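These notes are about the structure you will find just below.
No lab work stands behind these numbers, since they all come straight from the coordinates. Quick caveat, the model's predicted, so the values are computed rather than measured. Every residue, glycine as well, gets a Cβ built from its backbone with ideal geometry; the counts of neighbours run over all protein chains shown.
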Amino acid sequence: MTDLILSLDVTDRSEALRIAAAVAPEADAIKVGYPLVLAAGLGIAHDLAELGLPLIADFKVADIPNTNTLICEQVFAAGFSAVIAQGFPGPDSVLACVDAARAAGGECYVVAEMSHPGARTFFSEGVPERLCAIVAETGADGIIAPATRPERVRALREQVGTKKILSPGIGAQGGDPAAIAALVDGMIVGRSIYGAEDPAAAARAYAPYRR
Ligand code: 3DU
């Protein structure tokens with residue numbers, strides 16, 4: 001299965017709810033991050049949960065273990081079913097997120113490599129592979145890996161085996177769903193869906209890549 005994950009990075013509450021409701025029948029999950037939560041409040045998760053799709057909190061949690069625990073407890077209490085953490089703070093920080101996820105019956109994903117051009121500065125020279133080792137060590141559910149670099153996703157698949165790979169960078173950032181869908185478990189798509197005149201139709205265009 002390759003899921004379609006709507007990245008709902010709009011900053012108006014009613015527009016977010018309208019787009020989410022329209023796209024929900026065409027999507028498998030909704031990812032929410034700082035843009036929407038800072039604009040509309042964490043309670044937006046409660047409203048979105050009514051659509052019945054898994055909700056992923058993209059807060060790229062990256063602090064000491066105790067603070068990570070406190071953040072993730074809030075995330076899951078708000079109704080999210082998964083959280084995204086950074087791996088660079090180290091295994092104890094990631095484990096705090098994994099433990100909080102488990103306590104809530106949720107999932108935790110770790111950013112292994114980012115999709116933008118500047119990501120090459122630090123997500124290089126074996127660092128993504130070391131982050132994948134932290135995923136194995138902590139029992140996290142999977143990684144975030146760049147749809148803009150399918151060859152890197154292939155290499156990271158070697159590292160994570162059957163753990164899930166969720167992949168942003170499709171559409172607006174130039175990633176091609178035809179090149180990435182078969183390599184990953186989830187395609188994360190934001191602007192090319194929520195920015196379209198007809199978001200539901202834009203989401204439907206990804207249907208051939210959902211397996
Ligand atoms: O480029 P889009 O509009 O399709 O949105 C992609 C989303 O995924 C957006 O929320 C961004 O913050 C997130 N993301 C990346 O784009 C790249 C990463 O490496 C990690 C997360």
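If you go through segment 61-87 and keep only what is under 16 Å from Gly139 (Cα atoms) and within 16 Å of the ligand (Cβ to nearest atom), you end up with Ala82, Val83, Ile84, Ala85, Gln86, Gly87. Do the conditions hold for Ala101, that is, is it within 16 Å of the ligand (Cβ to nearest atom), touching a residue at least 24 places away in the same chain (Cβ under 8 Å), buried (at least 19 other Cβ atoms within 10 Å of the Cβ) and at negative phi? In short, no. Evaluating Gly169 against the criteria (1) in contact (Cβ under 8 Å) with a residue 24 or more places away in the chain; (2) over 15 Å from the mean Cα position of the chain (by Cα); (3) at positive phi leaves one unmet condition, (2). Gly195 meets all of the listed conditions (1) surrounded by 15 or more Cβ atoms within 10 Å (Cβ to Cβ); (2) within 16 Å of the ligand (Cβ to nearest atom) but one, namely (1). Of the residues making up segment 146-176, those that are within 23 Å of Ala202 (Cβ to Cβ) and within 11 Å of the ligand (Cβ to nearest atom) number 13. Within segment 198-211, the set of residues being out of contact with any strand residue (DSSP E or B) (no Cβ under 8 Å at 6 or more places or on another chain) and within 16 Å of the ligand (Cβ to nearest atom) comprises Pro199, Ala202, Ala205. Say we look at segment 116-131 and pick out the residues that are within 14 Å of the ligand (Cβ to nearest atom) and assigned to a loop (DSSP other than H, G, I, E, B); which of these is nearest to Pro146 (Cα to Cα)? Step by step, filter segment 116-131, then rank; the result is His116. Filtered by the rule that a residue be out of contact with any Lys or Arg (no Cβ under 7 Å at 6 or more places or on another chain) and of a type in the set (A, V, I, L, M, F, W, C), segment 182-211 gives Ala182, Val184, Met187, Val189, Ile193, Ala196, Ala200, Ala201, Ala202, Ala203, Ala205, Ala207. Beta carbons closer than 8 Å, at least 6 apart along the sequence or on distinct chains, pair a first residue in segment 25-54 that is more than 18 Å from Gly169 (Cβ to Cβ) with a second that is hydroxyl-bearing (Ser, Thr, Tyr) for Glu26/Tyr206; Leu36/Thr11; Leu38/Thr11; Ala39/Thr11; Ala40/Thr11; Pro54/Ser81. From the list Ser81, Ser93, which one is under 14 Å from the mean Cα position of the chain (by Cα), buried (at least 19 other Cβ atoms within 10 Å of the Cβ) and of a type in the set (S, T, N, Q)? None of the other options fit; the residue is Ser81. Of all residue pairs spaced 6 or more apart or on separate chains, those with beta-carbon atoms under 7 Å, a first member in segment 140-166 that is of a type in the set (Asp, Glu) and a second member that is away from the ligand (no atom under 14 Å from the Cβ) are Asp141/Glu107; Asp141/Cys108; Asp141/Lys163; Asp141/Lys164. Condition first: part of a loop (DSSP other than H, G, I, E, B), under 30 Å from Ala178 (Cα atoms) and touching a Pro at 6+ places or on another chain (Cβ under 6 Å). Can you find one or more residues in segment 26-35 that meet it? Looking for residues that are part of a loop (DSSP other than H, G, I, E, B), under 30 Å from Ala178 (Cα atoms) and touching a Pro at 6+ places or on another chain (Cβ under 6 Å), one finds none in segment 26-35, hence no.
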